[in-house]
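Engineer: Quick one: the structure is below, questions incoming.
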Amino acid sequence: MTGQPAGEIRIRDLLAVDTLVPREVRGGLAGEVAPENAVAIAAMVRTDRSRMQVVADRVAAALGCTVAIGGVEGEMAVRGALTTPGVGVPVAVLDLGGGSTDAALLGPDGRSAAVHVAGAGELVTKLIDAELALEDRELAEIVKRHPLAKVESFFRLRHEDGTVQFVTEPLPPHVYARVVAMTPDGPVPVPTRRSLDQVRRVRRAAKRRVFTVNALRALRRVAPGGSLRLLDFVVLLGGSALDFEIPDLLAEALAPHGVVCGVGNVHGTEGPRNAVASGLVAAFAEEA
Amino acid sequence: MSTERPVAPAVVVRYAGGHSEVLRQVCAGLEEEGVPARVEQVTGDQGCVALAYAAAGASPLETGIGIDATGAVAVHHAALPRTAPVRTVRADAGSAEHRLAGGTAARVVTIQPLR
Ligand SMILES: Nc1ncnc2c1ncn2[C@@H]1O[C@H](COP(=O)(O)OP(=O)(O)O)[C@@H](O)[C@H]1O
């Protein structure tokens, strides 16, 4: 996007996740598959200011306004997080995004620290896509975002928590007896031979292997002396903090370290997103 | 002691006649999935959906197939709305489709994803 030659790109952080990917067996029966080891990798690359200026200039040209590059992302995220009702300094934030997981800390002395580590929501989607052999990113995203159910008859669904729901309108034939993702627009079939429990396990493992691993390593890097015990409250931000189970999985992983986390609510209304944008606006308003 | 005889569990196929190849394929589709069929020859000019719905009502498995006088096929379940069959197949759809209709009825019974 910035037209930077490949030779100038520097990798700053890498997350590698072992995964089992079903592969068609060569010379086997038609459609026979066997799990094969693979490694999924997310990388963070360094950008420099001149590259950001390229982007800024293009935005300026497209919108016909002045564009300034400002703020350190981590600091701005903390600033945005602090607008969550009940949150005060000292505070740590975890920004669970698409490409990277970012941690930032604002200490009682006003000093801050921030890190970005590779791997976030997009990698979770990729792992789900690969491990279920869906070959459909959109569908993998749907499986990531919504709880599962099994259609047991034209009028009955069993949700993944075991509860049974009866519907008054018959369920369409294309979802009959299938594992489905329960979207607000209705059940979407997951084309796999795996059971609901197996699909659920793949989904949760993908989230754990990316987000709990990254949350721990990012927080350790910003925590005073690398000790998680010295953090007590972590505000979760970013698109992946909207996930229906990622906050719970993280709470479970952080609890043994005495750390409590909660989903941010920027300005008490915006939810966990737009913290950085809110922080930038607040900083600009203060300067002006 | 009850005088009622037990009814064999089967998908009921109501067949209006004249399309023996369609009937043969539908029954083969059921047999492939190991689900028994009971064929009942009927008269009249009811459409395949109405025949299938009545067949489902007569089936201990609540699943029926109708093959009307034009050779069109419908698969139905007794719990579904009368006019909303599981699937319909046109008379000229070909033998593979007719066989699949039998398979669909069988899969409704065995609670397997429909193809
Ligand atoms: N409701 C949701 N449930 C789960 N994940 C979500 C939801 N909304 C967005 N996401 C995920 O959030 C990620 C994007 O996060 P965001 O903070 O918007 O991105 P960025 O890192 O680009 O700033 C994507 O991986 C997306 O799948």
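Engineer: Out of segment A:168-177, which residues are in contact with a strand residue (DSSP E or B) (Cβ under 7 Å, 6 or more places away or on another chain) and open to solvent by less than 60 Å² (accessible area, probe 1.4 Å)?
Structural biologist: Listed by number, the residues that qualify are A:Leu171, A:Pro173, A:Val175, A:Tyr176, A:Ala177.
Engineer: Just to be sure, is A:Val87 more than 12 Å from the ligand (Cβ to nearest atom), β-branched (Val, Ile, Thr) and farther than 18 Å from A:Leu216 by Cα?
Structural biologist: For A:Val87, the condition - more than 12 Å from the ligand (Cβ to nearest atom), β-branched (Val, Ile, Thr) and farther than 18 Å from A:Leu216 by Cα - is met.
Engineer: Select from segment A:91-111 the residues that are surrounded by fewer than 18 Cβ atoms within 10 Å (Cβ to Cβ) and more than 12 Å from the ligand (Cβ to nearest atom) and write down the one among them that is nearest to A:Leu249 (Cα to Cα).
Structural biologist: Going through the qualifying residues, I end up with A:Gly107.
Engineer: If you don't mind, there's one more thing I want to ask. Identify, please: which residue in segment A:255-277 is open to solvent by less than 20 Å² (accessible area, probe 1.4 Å) and within 16 Å of the ligand (Cβ to nearest atom) and is, among those, modelled with the lowest pLDDT?
Structural biologist: A:Ala275
Engineer: Now for a different question. Of the numbered conditions (1) open to solvent by 40 Å² or more (accessible area, probe 1.4 Å); (2) more than 14 Å from chain B (Cβ to nearest Cβ); (3) touching a residue at least 40 places away in the same chain (Cβ under 8 Å); (4) out of contact with any His (no Cβ under 7 Å at 6 or more places or on another chain), A:Ile128 fails exactly one; give the number of that condition.
Structural biologist: Tallying (1) open to solvent by 40 Å² or more (accessible area, probe 1.4 Å); (2) more than 14 Å from chain B (Cβ to nearest Cβ); (3) touching a residue at least 40 places away in the same chain (Cβ under 8 Å); (4) out of contact with any His (no Cβ under 7 Å at 6 or more places or on another chain), A:Ile128 fails exactly one: (1).
Engineer: Please pick out the residue among A:Pro184, A:Pro189 that is within 20 Å of A:Thr125 (Cβ to Cβ), out of contact with any Leu (no Cβ under 7 Å at 6 or more places or on another chain) and within 14 Å of chain B (Cβ to nearest Cβ). Don't jump to the end; show me each part of the working.
Structural biologist: Values: A:Pro184 fails: within 14 Å of chain B (Cβ to nearest Cβ).
Unique residue meeting the criteria: A:Pro189.
Engineer: I would also like to ask the following. Among the residues of segment A:197-254, what is the count of those that are of a type in the set (D, E, K, R), more than 12 Å from the ligand (Cβ to nearest atom) and open to solvent by less than 40 Å² (accessible area, probe 1.4 Å)?
Structural biologist: Residues in segment A:197-254 being of a type in the set (D, E, K, R), more than 12 Å from the ligand (Cβ to nearest atom) and open to solvent by less than 40 Å² (accessible area, probe 1.4 Å): 0 in total.
The values are calculated or read from the model by the stated rules, or taken from the named source; none is laboratory data. Bear in mind that the values here come from a model prediction, so they are computed numbers and not experimental data. Here the Cβ is made from the backbone with ideal geometry for all residues, glycine too, and neighbour counts use every protein chain on show. In case anyone asks, the SASA skips ligands and DNA or RNA and just uses the protein heavy atoms, side chains included. Shrake-Rupley method; radii C 1.70, N 1.55, O 1.52, S 1.80 Å.
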